[in-house]
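The values are calculated or read from the model by the stated rules, or taken from the named source; none is laboratory data. This structure is a prediction, so every number in the text was calculated from the model and none was measured. Here Cβ is always computed from backbone atoms with ideal geometry, including for glycine, and neighbour counts include all displayed protein chains.
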Amino acid sequence: MMQETLPLLSVRGLDVQIDETHAVRGIDLTVKRGQTLALVGESGSGKSMTALALMGLTPPAARVSAQELCFETGAHPATLRGERVAMVFQEPMTALNPVFTIGDQLRAVFRHHRGGTAAMARARALELLERVGVREPENRLRHYPHMMSGGQRQRVLIAMALMCSPDLLIADEPTTALDVTTQAKLLDLLVDLQRELGLGILFITHDLGVVAKIADDVAVMKEGQIVETGPARSVLSAPNHPYTQNLLDSLPRPMEPVTFAQSGSAVLQADSLGQVYDVQGGAGLFARKTFRALSNVSLHLEQSEILGVVGESGCGKSTLARILIGLDSATEGRVEVCGDDASALPQRQLARRIQPVFQDPFGSLNPAWSVGRILELPLKLHTNLDAVARSARIDVLIADVGLPERVRQASPRALSGGQRQRVAIARALAANPQVVVCDEPTSALDVSVQAQILKLLRALRDEKELSILFISHDLAVVENLCDRVLVMDAGQIIEEGPADQIFATPRHPKTRALKEAVLEVEWDTPVTGLVGHLR
Amino acid sequence: MSAIDPLAANPSGARPSERAMRRHLGFMIGATVVIAFVLLAIFAPLVSPHDPFEQNLLLRLKPPFWHTESQPGYWLGTDQLGRDYLSRLIYGTRISIALGFGAILISGLIGITLGVVAGYFGGWIDTAISTLITTRLSLPVVLIALAVVAIVGGSLTVVLLVIGLLLWDQFAVVARTTTLKLRSAEYVSAARAMGASRAHILVQEILPNIRAPLIVVATVEMANAVLIEAALSFLGLGVQAPLPSWGLMLSEGKNFMFFSPWIITLPGLCLFALTLAINLMGDGLRDVQEARR
């Protein structure tokens, strides 16, 4: 089926400079009709800037130059924007205009480029909404973006991109903001659409699992340059460049299992926790609706055990974390920490036993203080060390989490995401707690940094006999790290067991869906036969 | 790991906003003028050529140096009582600057405390404080100030207290909304989970991070305070003679404006320059903050 014709998009020597930073340094790309080129790289590698440059959407300060940047017809792709070249953005929450209905926005695209009557535009919108799998498209046309879920909105964006039957689709991390199960469905949709319409797709992602699933070719980008390019299979199975190898090595893989002997005594125990919130709404002036975020959640965590809690966003994982660390109190049930009722302990006592590590390393450290001062607070609160002893302890903490000593004087602003997360871990460990509750600690980080943080957590557990409750939406990460796993859905625990067992033989359909959504790059296939597979 | 070391690129973690401020023309002009006025106010006895209170009726209403009839040694002429006008203007700076800073100290303390408490605790506390803010917003400042000064009697202290107790509304509004936003920040949750006291969270975790918008409010309110003082003094209800306040000088000179126009233009220009400079500074700070977002 593949004919060797002119490539749909050819780029040579694309260069983007913003102020003094050289974001993209002379890269070459070729996208063929009916094929997917994946542009892979970690944050800051210049991949999004490349997409924006192709679409002519770079910020005003950017200077773009290229030896060759042309569409099949010889025109600059930016002049065909919206018509033959379309783009799908990362953030479905902000890519749609909140004050217009879905129907208005879809019709506007069509009529801007194609003209025609409102009825024609509407018919096309309906056809595409149905094609991308939006349920009840008739009704949806009248809906505003906020009335739809992230996955539905992303489908609408894809439909919008397809309104004028483009030849080339540029997708910038279109599934990153979505749940894993939603991501899997959307990728299937893109593959189908491509086959059906003969689209060329430039797919930008940081996720090698996604690459393995959908890409024909792959270009690996680092610091504005393409370090390796070629057919996806051969690049993923036999990478030439050490950076690609490093990316592949960073993918979560089960570490050598540590035989964890259950002792039966729990350091953290929760009995039938429930949480009910009052929410506004309902009919009538004083009507109140309640929302049940947790029901009947029980768990126990033993010394130096890592317990994983997995579930999609909105399943109640974070609510559970906030209750366990004492930030919220549960409306039902009780929490015991080291044998004492947590609700009876003052927060400061509780804090000596259980500490959190939050998801967003850019939000969890006070930007007004230096790292040293951030780490000093727990020491001041929980120990009676004098200033000299505190200072020595801060040095130890910084070394324990593998940071250079000079970080101490730095502001968190000056640190990378991974370094910040290490500081957050050091802060959690400062008071020598028995339990650390990690709420998605790696989901905001690049894969190579994620691998380092996971390794650090594992090492800390081994050294300090720390118990860790690890919350994540990513089954692969949990499988990699945890001894035992709880799977949550809609505020309830639906499955529980040793990690290897849950992953080998998931029983609950929701667990199976989560597992199937994990995009793997398969490991033990021979070098030539590596395939990315979904199920 | 071959990743770029972010510490190497920016070793001190110095904020880019400081550089941006130095590049902002309006901010630099405003800041220079304000600093010049502050220095004049501090060193008034050293820089003024004459005693601002010393009268010499033989030298009444002498014009400034560019007139042929000007009196040597009296650069900006003299007023209707023969006092050196330049010295009076320099001493007038003291009143305006002291009042500007004093008023925002008082109003800032009241407004920020109320705003942070309302924003952090929420619930009925927020409702109560918001009602207080709305009540204050519905009162006309100049009218209330006039009424109070008319009852209690005018003096620098009274004017300072009245203005300070009236201008806290903007501080409260801004502090409340910014605190509301930070209340759920993860570093605040982290401090709470660590068992830090409420006072620690409000003062150490939240306050330093809402500083920037509050400084902008402070500049606007400072200019406002300077103008209100001038207005009250002009109406005879503010600073009392013989103290050299710019507003009072305008008021005293208004009868002579047809034959000696400098007598009202000069203090007017000073007021204009100081408030413009403060506002330029505030606009610059706001621009830099917005660019950072």
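Quick rundown of the values:
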{"read-out": "Within the range A:61-117, tally of residues that are part of a loop (DSSP other than H, G, I, E, B), more than 19 Å from residue A:150 (Cβ to Cβ) and in contact with a strand residue (DSSP E or B) (Cβ under 7 Å, 6 or more places away or on another chain)", "value": "5"}
{"read-out": "Residues being at the interface with chain B (Cβ under 8 Å from one of its Cβ atoms) and either part of a helix (DSSP H, G or I) or hydroxyl-bearing (Ser, Thr, Tyr) (or both) - total across the range A:396-408", "value": "2"}
{"read-out": "Subset of the range B:235-265 (residues that are hydrophobic (A, V, I, L, M, F, W, C), touching a helix residue (DSSP H, G or I) at 6+ places or on another chain (Cβ under 6 Å), buried (at least 19 other Cβ atoms within 10 Å of the Cβ) and in a helix (DSSP H, G or I))", "value": "B:246, B:248, B:249, B:250, B:263"}
{"read-out": "Residue match in the range A:490-504 (condition: farther than 19 Å from residue A:442 by Cβ, without any contact (Cβ under 8 Å) to a residue 40 or more places away in the chain and in contact with a His (Cβ under 6 Å, 6 or more places away or on another chain))", "value": "yes"}
{"read-out": "Matching residues, the range B:153-162, being of a type outside the set (Val, Ile, Thr) and assigned to a helix (DSSP H, G or I)", "value": "B:156, B:160, B:161"}
{"read-out": "Yes/no for residue A:493 being more than 22 Å from residue A:208 (Cβ to Cβ), away from chain B (no Cβ under 13 Å), within 16 Å of the chain's Cα centre (by Cα) and modelled with pLDDT of 85 or more", "value": "no"}
{"read-out": "Selection count where residues are away from chain B (no Cβ under 11 Å), within 24 Å of residue A:294 (Cβ to Cβ) and without any contact (Cβ under 8 Å) to a residue 40 or more places away in the chain, scope the range A:335-393", "value": "6"}
{"read-out": "Condition met for residue B:96 (crowded, with 19+ Cβ neighbours inside 10 Å, of a type in the set (S, T, N, Q) and part of a helix (DSSP H, G or I))", "value": "yes"}
{"read-out": "Verdict on residue A:216 being surrounded by fewer than 21 Cβ atoms within 10 Å (Cβ to Cβ), among the acidic types (Asp, Glu), farther than 21 Å from residue A:473 by Cα and in contact with a strand residue (DSSP E or B) (Cβ under 8 Å, 6 or more places away or on another chain)", "value": "yes"}
{"read-out": "Scope the range B:163-194; condition within 23 Å of the chain's Cα centre (by Cα) and either over 21 Å from residue B:215 (Cα atoms) or in a loop (DSSP other than H, G, I, E, B) (or both); matching residues", "value": "B:167, B:168"}
{"read-out": "When residues of the range A:188-203 are limited to those that are buried (at least 22 other Cβ atoms within 10 Å of the Cβ) and outside any loop (DSSP other than H, G, I, E, B), the one farthest from the chain's Cα centre (by Cα)", "value": "A:200"}
{"read-out": "Residues within the range A:29-60 that are within 18 Å of residue A:19 (Cα to Cα) and in a loop (DSSP other than H, G, I, E, B), tallied", "value": "8"}
{"read-out": "Subset of the range A:323-334 [buried (at least 20 other Cβ atoms within 10 Å of the Cβ) and either in contact (Cβ under 8 Å) with a residue 60 or more places away in the chain or within 14 Å of chain B (Cβ to nearest Cβ) (or both)]", "value": "A:323, A:324, A:325, A:326"}
{"read-out": "Members of the range A:419-428 that are modelled with pLDDT under 90 and either over 30 Å from residue A:243 (Cα atoms) or within 11 Å of chain B (Cβ to nearest Cβ) (or both)", "value": "A:419, A:420"}
{"read-out": "Criterion: in contact with a Lys or Arg (Cβ under 6 Å, 6 or more places away or on another chain) and at negative phi - qualifying residue of A:104, A:28", "value": "A:28"}
